[in-house]
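Let me give you the structure first, and then I'll get to my questions.
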Amino acid sequence: MAIEVRIPTILRSYTGGAKAVEGSGTTLDELLSNLDAEHGGLRDRLVDGENLRRFVNVYLNDEDVRFLGGLKTPVSDGDTVTVLPAVAGGA
């Protein structure tokens with residue numbers, strides 16, 4: 001089993017149009033680095049230095065990783081990681 005990573009439309013150009021990709025790793029940081037090896041440039045769109053970019057929300061099994069440990073959040077086979085761009089707006 002692998003870790004499923006759901007990709008938003010705006011980042012699918014990095015995954016060849018795939019809505020979801022599979023990866024592996026023991027932490028979110030390792031998972032993103034491993035995905036970047038296959039889908040070059042993806043990690044740079046999500047990570048700024050040592051942290052997730054402010055305008056990107058990442059969920060591990062529906063829990064916001066910012067409250068779980070950020071890039072140090074442990075991940076394991078069978079997990080689902082969802083990447084969502086932050087949305088702003090209003091009237």
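The values are calculated or read from the model by the stated rules, or taken from the named source; none is laboratory data. Predicted model only: the values in this text are computed from it and were never measured. All Cβ positions, even for glycine, are placed from backbone atoms using ideal geometry, and neighbour counts span all protein chains on display. The accessibility values were calculated without ligands, DNA or RNA, using every heavy atom of the protein model including side chains. Shrake-Rupley method; radii C 1.70, N 1.55, O 1.52, S 1.80 Å.
Across the stretch 2-20, what is the total count of residues that are open to solvent by less than 70 Å² (accessible area, probe 1.4 Å) and not in a loop (DSSP other than H, G, I, E, B)?
7
Right, here's the next one. Please verify whether the stretch 54-62 includes one or more residues that are buried (at least 16 other Cβ atoms within 10 Å of the Cβ), over 13 Å from V5 (Cβ atoms) and without any contact (Cβ under 8 Å) to a residue 40 or more places away in the chain.
Checked against the condition, which is being buried (at least 16 other Cβ atoms within 10 Å of the Cβ), over 13 Å from V5 (Cβ atoms) and without any contact (Cβ under 8 Å) to a residue 40 or more places away in the chain, the stretch 54-62 yields at least one hit.
Select from the stretch 67-77 the residues that are open to solvent by 40 Å² or more (accessible area, probe 1.4 Å) and either touching a Leu at 6+ places or on another chain (Cβ under 7 Å) or under 17 Å from I3 (Cα atoms) (or both) and list them in ascending order.
Scanning the stretch 67-77 gives L68, K72, P74, S76, D77.
A further question follows. Among the residues of the stretch 21-42, write down those that are open to solvent by 30 Å² or more (accessible area, probe 1.4 Å) and either among the charged types (D, E, K, R) or within 18 Å of E63 (Cα to Cα) (or both).
E22, T26, T27, D29, E30, D36, E38
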